[in-house]
Every structure is written in structure tokens, then in C-alpha cells.
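Input: a single structure, listed below in C-alpha cells.
The values are calculated or read from the model by the stated rules, or taken from the named source; none is laboratory data. Remember, it's a predicted structure, so these values are computed and weren't measured experimentally. Please note: Cβ atoms are built from the backbone with ideal geometry, for glycine as well, and neighbour counts cover all protein chains shown. These area figures cover heavy atoms from the full protein model, side chains too; ligands, DNA and RNA do not enter into them. Shrake-Rupley method; radii C 1.70, N 1.55, O 1.52, S 1.80 Å.
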Amino acid sequence: MKRILALLLLCIIFAPAALAEDGNKADKAESHAPLNQRPKVGLVLSGGGAKGLSHIGALKVIEEIGIPIDFVVGTSIGSIVGGIYALGYSADELDSLVRAQDWNLLMKDQVARRDVSYLNKKESDQFIVTIPFMNRKNLTEETEAGAGGSGGLLRNMPSALVAGQNLSQLFTKLSVGYQDDIDFNTLPIPFACVAVDLNTKEEVVFHRGDIVTAIRSSMSIPGYFSPVPYGDKFLVDGGMLNNLPVDVVKQMGADYVITIDLHHFKKQKPDSKQTIPEMIASMLSIMNGEKYHSGREASDIIIEPNTSAYGVLSFDDKSVDALVDSGFVAAQRVLPQLRSLAEHLKTYPADNTPRPPHAIDLGRDSVRISQMEIQGADARDMNWLLSQTEIGPGELVSGNDMDHAMSIFYNTRAFNKISYSIAGKEGDYRLKIHFSPQRLHQAGVGFRFDSEEMAAILLGISLNKHKLFGSKLDLTGKLSAQPYVALNYGYTFHDLSQFNIGVKQQHIQVADINQGEVLRNMRYNIFSALSYYQFTGWKSAEVKVGGQFDYFNELIDSGTPIPQHDWKVFFDWDIDNMDDSYFPSGGLQMNIGGAVHFAYKPFYEARFNLKSVIPFSDRVTLMPQLYNRWLFYNPEHMYHFYCANRVGGYMAGRYYDWQVPFVGMNNTHTTLDKFDIARLDVRINLFGQHYLTLMGNYMFEWNMSKWKITDHYHHYGFAAGYAINTIVGPIQLIGHWSNINRSFGVYFSLGYNF
């Protein structure tokens, strides 16, 4: 009897252990759940750049089946999708959000070009690289801390390609109601994300704090996104140590774990090429291999989207569609397991505890601000900046209002980073804006290679460039077959108007062509001094009024230099609201100008240039253009040949400031006193950043005396060009013909125009 009782006792003790040992992972998980309480389900989303959009497709299936998610943990893009999902957004809402974004803009720090101040458009269109810097004497405490202990220009180089300004603003707009310092367990779904501290080389798990900072830290791919300072930590992408943080969700209390793994299908071919971000992502996956494999083993259901055909920056519309679909398809492959889990969870009493409310999306709703707090900006500057916006205590603020305000702030170029948060609840929303001052000065480099000037390098250095107001000094030089050096002093007033004084020394050498013959080989050495008042209080326009003196040596056909001079009073009104400088899809550029010249006897000029961009279809864009310049003078008096009308080439102002492009020829053609050009370009987006453009223009040049046309000529030209938009500027190859040069020609260029 004692033996029987002992045997029964041993069975009672060891039977559960034996059953657990022989059971599957689901049985193990259930044993941890309290009796009569539904087991908790954790969702783990791995990193992988754009590939993470497949998480959304998988979430759609999970929602359709009805599996409740109790915890969400993510790394990198997984923290973005997971964090927004944890804020209460459904999979369908996530789908709509990602499709509504301009990812090309989000993955950069640029403000949409239409929101860039006119003063900054020209600079952005010329320099490939700009490096802010500051002498040691003027370093603020904040800048000193960011720059480290040693000086030098290299210390001012950015730590990555992108600071993440635009992505941070998106997260902020989507998370109103859950900002500032909060416990992530108070979100509609408890959330955590993983980052890595560069100082200690240790994993950092966010369970509380500012959710925007947490997500932004977790997705900081080293080299692409800047690290995030956080107390005494310097945080980067969590994928460096834990790209599949199943251990984190287990610690949070998950009994079942559903993992979406983006890297299972990744197999690198020997001859395949990787971009820098993709190579970094591959290195990260190697660095956290052990945790990755243990995470897969600890998962109950693994969803494995096949994203091998896409890169970490595949954010184009076609790729977004395919990636979301890949997640949906991958979840369908494990549908039996998902349904089995859903049915099993239904056997437990329903949890009717209400979840916290959905976060407010400022893209759809507005909130009334009760208080404002500004940090990091001078009080006088801040008052002016706020006066340009419609935000303030008592105001109803939407996402568009905040985007508009942030564009204004960011466009001043006075701040390195601007962030905001809207904390609190209904009736008491507190807006906090934090400004990080930009280094005062700036150096810039531009490069172009083309078949006209061969190599050209643009160098610029600007002192006090990033001061809002006051004195600024710019020195710019161009090294090429047409070199110049220019020095400009400007004083910016609080209405953003600017008074300028400048000098410029340049050399021009160009052939003047007519009817296929070289009429003159023109060379000029020119010294210019000018002073003007500039009204630039608008995003898309500026007005200049001033005077200019030109002293030049004219060398025609290698003859004896002829010293001459010209001075003028001028007016210019420029408008530019195109959404891109080189491959726009909408907007226009316009110049209306005139001048009174005092060379020999007074003569007058009037100009009107217009370029409009009209979308015809998804891939076809029409660009009608008009150009003219009319000179008026007394026939008994002569004006300088230097001031004559010049047309030609594909770059406005290449040789002369007033030169306008004419399709079908390189070099220049000197017209009669007046000309009018009508032009139409048809640009076709072949695929990606590849374009085919068909161009044609017609010119009527003419003289007039006593209100009658005395002489006139008709000219026309045609061209076809292939172009690729790259990070170092457009690559263009154009074949052309016109009846001015009467021959076929080719133009090739790489880089921005300057």
C-alpha cells in the first residue's frame, strides 16, 4: 500500500513536468497564464528598413482572424509600425498612412521645395554638400557638447546623412495624447522598443519616456540616421544587438509570441550589389545573430514575408504596394496556426476591460493649445518666428498648422534641429517647442562636368550664414573655363528684407554662332560692383531694386583689349514655386525685370521669362516656356555690344547673366535688339529616376524703328534628352539640331547647374 501511495505521489509531482516537456510551445505558454484568465499574446516586429512595411499586411490578417494583441515590441522599422499600432491605429489605418506619405521627403531632412524660402532655393540647387561650422569663440554650451572636446572643421561634419527631422515630426503628429514622459504600458497596447547605446555598447529597452524619442532612437541606422542623444546615452538602431526582441516581450508577460521576421529569406548572391544602408543592415544582422536565432526558437508563430527583392530604402509607390502584400501573403501561409490560436483564446472568458483611447492624429483632428513653452531660441527671435505662424495659446492647431510653422522655423537655417510635443489631455494641451541652434557659419562645395566647360567646381564660405538677422558675408568662387570670384555683404532686417553690397570678378570666353558660322570668339574680363535692396519676405518670390557698375575689357577675335564700362539701375521680380529644381511635377518660375543703362547714352531693357510645369498624366509632364528681352535705344546712339541679347545652350546665365536657353545649340547666338522664344518640353518618366525629354522651341528676333519692324529672323531648334536623377545632381545626354548652327550636336552634363 505504501508503495502504491509513493508511486501516486511521484506521478502527481512529475506528471505536469513530463506533460510540459512533451507538449508544444503553446502548452508551455498556457501554463504561465493564471487560471481562467486568457493567455497574453505578444507581437514582435523585426527591423529591415522599407521591408518593414510588410508588417502591415501581416497585421491585417491577424486582425481579421481576431487575435487580440496584448504587447507590441519592435526594432528599427518594427518600432515605427509597432509604436503606431500600439497607439491605437488599426492595420487599415497604418496602410492608409504609409501610402499617404512622401517617403522621399520623410527619409531626408529637406523641407518640401515649395516651402523653402526663395533666398535658400538657389543655394540648395547648386551645392552638393554644405557643412555648417562655428569658431571656438562662439560655441554655445549645447553646440560644444555635441561637437566634442576638439575643434577643427572635421568636427563639424554631420554624424550621418539624415538627422530624421521629418520622421520625428510625423511621429509627433500621430501620437498626440501620449507625449512627454509616459509609461508605455498606458498606451492602448503596451509597447516597448529596442535601441543601442554607443557609449556603453549595451542594449537599451524603452518602456517609458517620450515615445517619439524612443521610436526615433530605435530606427537610427548608423551612418544614415544621426544618433539620438538621451541623457548620458548616444542611441542608435536596436538591430545592432537585438533585431528580433522576443526576450523583451516575454519579460513583459507574453504567453504566446507571434514574430514577424523580415530576414529569413535574405540570401546574398556573390555578384549582387548593395547600397550603403543595405550593407549596414546586413552587418547589423550578423552582429545580433545569436539573439536572432534564440528569438526565433522562443517564438510560437513566425510570419516570414519574402522581401528579398527589395532594399531597405524601397519606399516608392510600387514597392510599398508589393511589400504590404508580401506581409499579407506570408501571414496566409501560417493561417492554420493563427486560426488555431484564435480559437484557443476564445475558450477563455472575454476581457472586457476598456483599453485607453486612440491617439489623436493631427493630420485629421485639431487640438486647442492652452500653454506654450519655448526652449533654445533667443526671445526676440522667437517672438518674430511665432509672429509668422498661426500657433499660440488659445489657438486651435492642426497638423497642417504645425507643418507650416516647422517649415518656417526650419527654413531660416538658424536651427540644426527643431522638435515639438503636445502633451496633456483634452482641455489642457501643452505645446513645447525645442530649438537646437545651428552652427553660425557654412562652407559649401558644388561640382559639375559637362561638354561645354568640362569640369567646374563651386566653392563657397559664408560667415553668420545661420543668423536670423544682422550682418552676413559670403565669398563664392567658381573654378572652370569661365571662372569667377564674388564677395557679398548683406544685412538682414526683421522683415527678412536685405541690403546687399557686392563685387565680382569674372572671365567669359565663348563663340558667337549664326547660320552655322562662328562670327566672333568673344572674351571679356569683367569687374562688377553692385548694391541692391532685396525683399524676400515670401516663400516663393523676391524683389530686387538696385544699381550695378561693370568695368570690362572686351577682346573680340583676339584683338586689342578695349576698356569699357556700363552702369545701370535695375529691377527684378522673381517667382519660383516649383516642387523640384530639375525634375518638377508642378509649379512655375517667372522673372519680370528691367533696367536703365547709362553707357554712352541711356538705353533700356525689359525682360519676361516664364516656365510652367503641367502634369499631363502619372508619367508625362508638359513644360511650356516663354523668354524675351527687348532693348530700346535711340538709333542715333550706340549701346555696348557686351549688353546685346544672347541666347543658347541649356543653362540660363551660363556666360552672361541675361543669357536665356535655346534648344538646339550650345555656345551663344547674338540676336537683334528684341527676341521672343516659345518652347515646349515633354518629359516622360520611363521608370524610377530615369526620364526622356522631347524639346522644341521657336524664336522670332527683330528690330523696330518708328513703331515698325525693320529686320527680323525666324529660328527653331529641336532636341531629345535622356536624364537620370542622382544624389550628385542630374546626369543628362542631349542630342539636338537648330537652324542657327545648322548641324547636329550633343550636350552632356553631370551635376547641378551653377
Any trypsin sites (Lys or Arg not before Pro) in segment 184-217 that lie in a DSSP loop and have at most 12 other Cβ atoms within 10 Å would be Lys201
Placing each pseudo-label 7 Å from Cα in the direction of the beta carbon, His434 and Val329 end up separated by a distance in nanometres of 4.3
Within 10 Å of each candidate Cβ there may be at most 16 other Cβ atoms; applying that plus a DSSP loop requirement, which chymotrypsin sites (Phe, Trp or Tyr not before Pro) in segment 503-588 survive? Trp538, Tyr582
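Taking a ≥ b ≥ c as the square roots of the eigenvalues of the Cα gyration tensor of segment 304-377, is the shape rounded (a/c under 1.5), prolate (a/b larger than b/c) or oblate? Don't skip to the end; give the middle numbers.
Values: a/c = 3.45, a/b = 1.27, b/c = 2.71.
Here segment 304-377 falls in the oblate category.
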Report Rg (one decimal) and Dmax (nearest whole number) for the chain, counting Cα atoms only, units Å. 32.2, 138
Expected unfolding gain across Leu622-Met372 under the 0.36 nm per residue rule, minus the alpha-carbon gap, is 85.4 nm
Under the Karplus relation with 6.51, -1.76 and 1.60 and θ = phi - 60°, whole-Hz ³J(HN,Hα) for segment 246-262, x at Gly and Pro, equal 5, 4, 5, 5, 5, 5, 6, x, 6, 8, 10, 10, 9, 10, 10, 9, 8
Calculate, for the chain, the solvent-accessible area per residue in square angstrom, rolling a 1.4 angstrom probe over the heavy atoms of the protein chains. 47
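At a 1.4 Å probe radius, carbon and sulfur cover how many percent of the accessible area of the chain? It would help to have the intermediate numbers written out before the result.
Numbers: 20640 of 35270 Å².
For the chain, the apolar C and S fraction of the accessible surface comes to 59 percent.
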Mind listing the long-range amide H neighbours of Ser226? Cut-off is under 5 Å, sequence gap 5 or more, other chains count too, H placed in the peptide plane at 1.01 Å from N. Val162, Ala163, Gly164
Using the Karplus curve 6.51 cos²θ - 1.76 cosθ + 1.60 with θ = phi - 60°, what ³J(HN,Hα) values do you get for each residue of segment 628-634, in whole Hz, with x for Gly and Pro? 7, 8, 10, 10, 10, 7, 6
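So what is the relative contact order for the chain, in percent, with contacts set as C-alpha pairs under 8 Å and at least six apart? Write out the running numbers ahead of the final one.
On the way: 1783 pairs, mean separation 78.9, N = 754.
Contact order relative to length: 10 percent.
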Could you state how much accessible area Thr259 has, in square angstrom rounded to the nearest 10, with a 1.4 Å probe and all protein chains kept in place? 0
Under 1.5 on a/c is rounded, so check that first for segment 568-692, then, if it is not, pick prolate when a/b is larger than b/c and oblate when it is not; a ≥ b ≥ c are the square roots of the alpha carbon gyration tensor eigenvalues. prolate
Positive end of the charge dipole of segment 299-404 (Lys, Arg +1 and Asp, Glu -1 on Cβ, about the Cα centre): tell me which of His344, Leu323, Pro356 has its Cα farthest that way. His344
The chain, helix-only ellipticity at 222 nm - DSSP H runs n ≥ 4, -39,500 (n - 2.57), divided by all residues, nearest 500: -7000 deg cm²/dmol
Cross-link candidates for Lys611: which aspartates and glutamates have Cα within less than 18 Å, leaving aside residues fewer than 8 places away along the same chain? Asp125, Glu542, Asp572, Asp574, Asp576, Asp579, Asp580, Asp657, Asp676, Asp681
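Classify segment 324-476 as rounded, prolate or oblate, taking a ≥ b ≥ c as the square roots of the eigenvalues of its Cα gyration tensor: rounded when a/c is under 1.5, otherwise prolate if a/b is larger than b/c and oblate if not. Before the final figure, lay out the partial values.
Working: a/c = 4.00, a/b = 1.55, b/c = 2.58.
Taking the square roots of the gyration eigenvalues as a ≥ b ≥ c, segment 324-476 is oblate.
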